[in-house]
Amino acid sequence: MSEIIYPTLDLFLYDLRDGLGENAGEIADNKDRFLQKLPERIRSAIEQRDAAVEAEYVELLGNRGREQFNSSSQNYTLKGYYYPVRLGDSYGLLLDCSVEHSLGHPERSQTEAFVVSCFADLKAELDRRLAESKSTIGQVWMLSGQIPNFTPDRAQSIAQACCQIPELELDWDRDFRSKSQFAGGILFEFWRYRFNSPDLSSNSESNPICNIHQLQDNYLVLIALYPNSETARKASEINFDWLRLFAYRSKILWAYGQSQYLRQKLKYRFVLTQQYLKDFEQAKTRNLNLKQLRKTLVDAQNTLANYSIDLNYLNTQKRTMEVNLLNYGRRLKRMEQRLTEFQTVSDMEFLKKFSDNVEARYLVQIERDYESLSLGVTLLGELINSIRGVTEIDQSERDRNFQNTVAILGVGLAAGSIVASIATQFPGASDPKEAAKYPLGSTLSQLGIPDPWLVPAISATASIGTAVLAALITALVIKLSWFFKK
């Protein structure tokens with residue numbers, strides 16, 4: 001039977017405090033979200049300690065440090081604590097819970113061996129205390145305990161037995177990554193990571209994805225097993241180093257998840273850009289539809305604005321990863337120095353592999369994505385300028401034609417008005433009999449115009465004829481002037 005002494009489950013949980021571009025109201029919401037994970041009796045004390053604007057590491061309970069709690073499950077007496085901290089622009093919480101002894105047997109405290117299924121009780125206790133509240137950056141689980149008659153084979157058997165506990169959601173074949181010596185014991189690493197590509201077609205800008213767990217499945221579990229209580233006690237002193245190391249790791253993967261989300265958004269907008277280009281090319285092959293072109297112009301301008309913002313955010317996530325990777329390496333070196341004081345062998349190679357993988361794979365990928373997707377800004381800018389040029393030329397042509405029409409009508413009306421004003425000044429022009437002697441009057445009389453209407457008809461006909469002739473001459477002059485300009 002797989003048994004373990006003083007089984008302990010630690011949860012290292014991280015929440016965002018103040019993200020880039022967040023206002024005071026959003027920062028207050030972040031704080032409330034973190035406080036909901038803590039007992040109500042300590043929230044006011046934490047708010048007082050969280051007043052500093054810039055702080056690298058603050059114990060939010062002050063000198064008191066931890067908030068202890070006692071509880072019980074159906075079979076066990078449980079004991080644990082909360083340890084909340086401020087880590088720069090984020091919050092950290094170490095939530096610890098251990099099985100003290102079986103119910104009704106306090107004399108066996110910290111010496112009784114339990115079956116590994118007791119970790120299910122510990123997991124249920126921590127889940128109950130968090131009330132299903134998830135982290136906004138990331139979290140790491142660590143199982144630990146002592147093994148009677150410790151051997152490496154027995155340690156592996158215990159770790160494999162832990163994978164059979166449904167509540168831990170572990171699969172040895174799928175999740176096991178490494179086994180290392182650590183502080184006199186053995187440390188097993190289980191990790192799975194997968195980016196969940198969102199459906200951007202149904203995710204509007206007004207309803208963005210804001211929970212990192214919607215973007216990625218990032219599940220890290222460490223199982224630390226020790227030969228005796230003294231070794232386990234010394235190793236527990238490293239918990240606060242783990243708290244900071246896992247903070248950097250979580251922020252690296254959080255930033256990477258954000259970068260992949262931004263990459264998907266940029267690719268989606270790049271597809272829109274290609275469609276705008278096709279629409280524009282099709283519009284040039286037939287009569288221009290200014291209304292449609294203006295709509296494409298507005299859509300392209302909006303897409304360019306969002307595209308540029310997301311592209312800058314992508315570069316910001318790369319910088320976030322670089323800074324936290326640097327801090328991760330520094331903290332790892334400090335942990336190695338502390339572990340040398342234990343005078344035991346500790347192999348931290350699996351932790352170094354993570355940083356190597358981030359540097360060689362994740363950062364390189366983001367850099368390449370940034371370079372390739374930057375082309376979208378250029379394409380959108382050129383498209384917008386092209387559409388503006390076409391619409392401005394077309395509008396200029398329309399304006400010129402309108403001005404020419406106004407000029408032609410103006411000259412015609414002016415000429416007609418002049419003729420109308422002098423038509424009645426000719427000798428005999430007011431006498432119908434005399435007016436009928438003129439060619440125009442004779443023609444109108446033969447057409448059946450009555451004598452009383454002959455004089456006005458002559459005036460109107462002369463005015464209209466002159467106006468039409470003047471308009472035709474003006475149109476001809478305008479045409480010739482444009483011809484010679486070309």
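Details
- Each residue in the stretch 6-30 was checked for being in contact (Cβ under 8 Å) with a residue 24 or more places away in the chain and surrounded by fewer than 19 Cβ atoms within 10 Å (Cβ to Cβ), and 3 of them qualify.
- Condition check for Val99: at pLDDT below 95 and in contact with a Lys or Arg (Cβ under 9 Å, 6 or more places away or on another chain): yes
- Scanning the stretch 32-59 for residues that are open to solvent by less than 40 Å² (accessible area, probe 1.4 Å), closer than 17 Å to Leu130 by Cβ and touching a strand residue (DSSP E or B) at 6+ places or on another chain (Cβ under 8 Å) returns Phe34, Lys37, Leu38, Pro39, Ile42, Ile46.
- Of the residues contained in the stretch 193-207, none is found to be open to solvent by less than 80 Å² (accessible area, probe 1.4 Å), farther than 30 Å from Arg269 by Cβ and either of a type in the set (D, E, K, R) or touching a Leu at 6+ places or on another chain (Cβ under 8 Å) (or both).
- Taking the stretch 144-166 as the range and being open to solvent by less than 60 Å² (accessible area, probe 1.4 Å), assigned to a loop (DSSP other than H, G, I, E, B) and farther than 13 Å from Ile5 by Cβ as the test, the residues that pass are Thr151, Cys163, Ile165.
- Some residue of the stretch 273-280 being under 30 Å from Gly381 (Cα atoms) and at pLDDT 90 or above: no
- When the stretch 112-143 is filtered for residues that are open to solvent by 20 Å² or more (accessible area, probe 1.4 Å), in contact with a helix residue (DSSP H, G or I) (Cβ under 8 Å, 6 or more places away or on another chain) and in contact (Cβ under 8 Å) with a residue 60 or more places away in the chain, the ones remaining, listed by number, are Lys123, Ser133, Lys134, Thr136, Gln139.
- For the stretch 107-128, a tally of residues being outside any loop (DSSP other than H, G, I, E, B), touching a strand residue (DSSP E or B) at 6+ places or on another chain (Cβ under 7 Å) and more than 21 Å from Trp191 (Cβ to Cβ) returns 7.
The values are calculated or read from the model by the stated rules, or taken from the named source; none is laboratory data. These figures come from a predicted structure and were not determined experimentally. Cβ atoms come from the backbone with ideal geometry, glycine included; neighbour counts cover every protein chain shown. To get the accessible areas, we keep the full protein, side chains included, count just its heavy atoms, and leave off ligands, DNA and RNA. Shrake-Rupley method; radii C 1.70, N 1.55, O 1.52, S 1.80 Å.
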